[in-house]
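The values are calculated or read from the model by the stated rules, or taken from the named source; none is laboratory data. Here the structure is a predicted model, which means the values were calculated and not measured. Cβ sites come from the backbone with ideal geometry, for glycine too, and all protein chains shown count toward neighbours. Side chains included, ligands, DNA and RNA excluded: accessible areas come from the protein's heavy atoms. Shrake-Rupley method; radii C 1.70, N 1.55, O 1.52, S 1.80 Å.
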Amino acid sequence: MSTLLLNRQLDGGDLRSPLVSPALNEYNYSNPKKITMDEMLEKYCGDFGLWQLRHLVLASLAWFLQGVHVMVMLFADREPAWRCLTSHAGYTPCSTAGSMCGLEPSSWEWLGGKGSSTRSEFGLICGDKFKVGLVQSIFFAGCMIGGGVFGHLSDSKLGRKGTLATVCILDAIFGILTAFSSNYSTYALFRFLTGLSVGGTGLSAFVLATEPVGQSWRGVAGMSTFYFFSIGIIALSAIAYFIQPWRALYIASSIPSVIFVVFILPFLHESPRWCLVRGKVDEAMKIMQKIAVSNGKSNIPDDVILALDSEVNESVPYSQSDTNKDAVNGSILDVLRSPITRIWFFLAVTINFLCSVVYYGLNLNAVNLGTNLYLNVALNAVSEIPGYFLTALVLDRFGRKSLAIGTMWFSGIFCLGGSLLTSTNGAWKVVRMVCGLLGIFGIAGTFNLLFVYSMELFPTVVRNAALGCVNQAVHLGAILAPIVVLLGGTVPFAVFAACGIAGGFLVTYLPETLNKPLYDTMDGLQEAEAKPGFVA
């Protein structure tokens with residue numbers, strides 16, 4: 001220590017000054033080289049190592065929660081079995097082969113009691129049957145609004161992690177409160193409020209999980225997040241089989257959200273890309289250093305620092321104040337002002353809408369197939385997993401564009417086949433179910449892929465805002481899906497076929513994003529557009 005003090009005196013330093021200048025924070029940058037996030041991941045931290053794997057798994061567990069909260073209504077709103085009571089004089093003859101709508105109320109009863117589902121407790125049968133589809137659409141309307149609101153908050157004040165924490169807490173609160181609904185109107189209100197929070201859950205988790213991943217692994221990592229959504233549905237099917245009363249089911253399905261908030265969230269880090277665009281360069285560098293150390297890399301050199309892609313080629317000298325700059329802000333208006341991103345935006349919104357109609361429609365249509373509901377929902381979720389796996393396997397070989405076209409058309413063709421099968425007896429019932437499973441297999445790959453594809457189209461500064469609007473389109477399609485399912489017969493399959501085939505055609509107008517960087521700012525994207533060889 002005395003040698004250090006002597007040297008400081010010889011250099012003319014003030015002994016009263018701190019040994020480390022506060023302006024340097026924890027890093028001593030001396031004329032550093034500015035590099036982008038993707039470059040730092042590739043050269044110094046690792047595109048995908050132990051840190052990213054752990055972070056991806058923990059963040060993606062939120063998709064497990066979303067799968068549970070979205071699909072719980074299939075079991076809570078199901079139509080329970082019923083039976084005839086002993087006939088009495090003057091009653092209309094009772095037979096379980098028909099409908100209970102023309103029977104005397106006292107001539108039949110629900111198996112398992114009125115509390116087995118919302119249909120039996122709130123009388124959502126016969127003339128009020130439409131209310132089942134209505135409350136499901138109300139839930140997705142909440143998701144649509146929540147996707148936009150929390151998408152904006154995730155890009156601005158709350159950040160990715162703060163937004164995820166907020167929505168998961170609200171998921172748990174509103175999910176539990178739903179179990180105490182005293183009537184249909186209260187039930188619909190709490191389902192709407194749950195939808196508001198669920199609308200931001202998967203989106204925030206997806207972006208938080210994938211933004212710290214390097215360019216070479218981003219597609220595969222993004223595709224992997226959706227396994228947790230399917231696993232959530234499979235787990236829900238088992239829970240619903242053993243816990244059938246709808247009130248107990250809503251409480252049980254909300255417990256995983258509580259566990260996530262208490263035991264998982266504390267181990268998640270904020271996205272370094274979000275820190276960078278918000279001007280928190282020093283915080284972003286600390287996270288990048290943790291990534292490098294955890295991945296077994298050497299420390300990041302002192303002569304490099306993170307910078308926005310629009311700043312890397314600037315000739316302006318670096319100053320120490322660059323470690324705590326003003327935030328670079330963006331909104332959906334910036335996306336709409338740019339002619340090229342405007343076209344991408346409207347295409348992405350439309351394609352995601354059509355994909356959502358098919359995906360949610362095929363899942364909700366399980367109630368129309370005349371098979372075991374618990375088994376059918378579980379099989380639907382199981383059929384999604386190989387769709388995710390195979391799509392991820394060939395994603396970097398065929399690219400986002402051709403794969404999205406192929407999977408949408410694959411699903412559309414099998415939905416078309418299902419619409420042509422008018423018989424629902426015997427073996428034909430199984431054939432229709434297989435058509436539905438193959439349709440879900442194809443559209444699940446598309447649904448997963450479109451999140452990665454849409455994320456890569458827009459810069460960090462507006463990414464969650466743009467994805468929030470895309471997510472709203474997804475939930476708008478989900479609002480329509482229960483209405484289509486209520487039509488019954490072959491109509492749902494025909495609608496799903498048309499949406500899948502049309503969506504595939506629209507994808508042909510999007511650019512390929514394979515091996516393209518994730519841009520930080522709109523200026524960075526504009527500069528890339530101006531370079532020779534840029535393909536829109």
Practice task
Identify all residues within the range 206-223 that are buried (at least 23 other Cβ atoms within 10 Å of the Cβ) and of a type in the set (Ser, Thr, Tyr); write none if there are none.
Solution key: THR210
Exercise for the section: Scan the range 351-368 and give yes if some residue there is farther than 22 Å from PHE458 by Cα, among the polar types (S, T, N, Q), open to solvent by 40 Å² or more (accessible area, probe 1.4 Å) and modelled with pLDDT under 85, otherwise no. Expected result: yes
Practice task
Would you check if ILE233 is under 21 Å from the mean Cα position of the chain (by Cα), surrounded by fewer than 23 Cβ atoms within 10 Å (Cβ to Cβ) and closer than 26 Å to TYR388 by Cβ?
Solution key: no
Completion exercise
From the option list LEU189, LEU124, single residue qualifying as more than 17 Å from the chain's Cα centre (by Cα) and surrounded by fewer than 21 Cβ atoms within 10 Å (Cβ to Cβ) is LEU189
Fill in the blank from the handout: Here the qualifying pairs (Cβ atoms under 6 Å; residues six or more apart or on different chains; first in the range 489-518 and within 19 Å of ILE340 (Cα to Cα) and of a type in the set (Asp, Glu); second open to solvent by 20 Å² or more (accessible area, probe 1.4 Å) and outside any loop (DSSP other than H, G, I, E, B)) come out as GLU512/LYS401
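If only one of TYR250, TYR241 is under 30 Å from SER116 (Cβ atoms), open to solvent by 60 Å² or more (accessible area, probe 1.4 Å), hydroxyl-bearing (Ser, Thr, Tyr) and in contact (Cβ under 8 Å) with a residue 12 or more places away in the chain, which one is it?
Details: TYR250 fails: open to solvent by 60 Å² or more (accessible area, probe 1.4 Å).
On inspection, the qualifying residue turns out to be TYR241.
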Exercise for the section: Check LYS34 against each of (1) modelled with pLDDT under 90; (2) open to solvent by 60 Å² or more (accessible area, probe 1.4 Å) and name the one condition it does not meet. Expected result: (2)
Completion exercise
Counting only residues in the range 386-407 that are modelled with pLDDT of 90 or more and surrounded by 17 or more Cβ atoms within 10 Å (Cβ to Cβ), the one nearest to PHE242 (Cα to Cα) is identified as THR407
Exercise for the section: Out of the residues in the range 141-172 that are at pLDDT 90 or above and among the hydrophobic types (A, V, I, L, M, F, W, C), state the one that is most open to solvent (accessible area, probe 1.4 Å). Expected result: ILE169
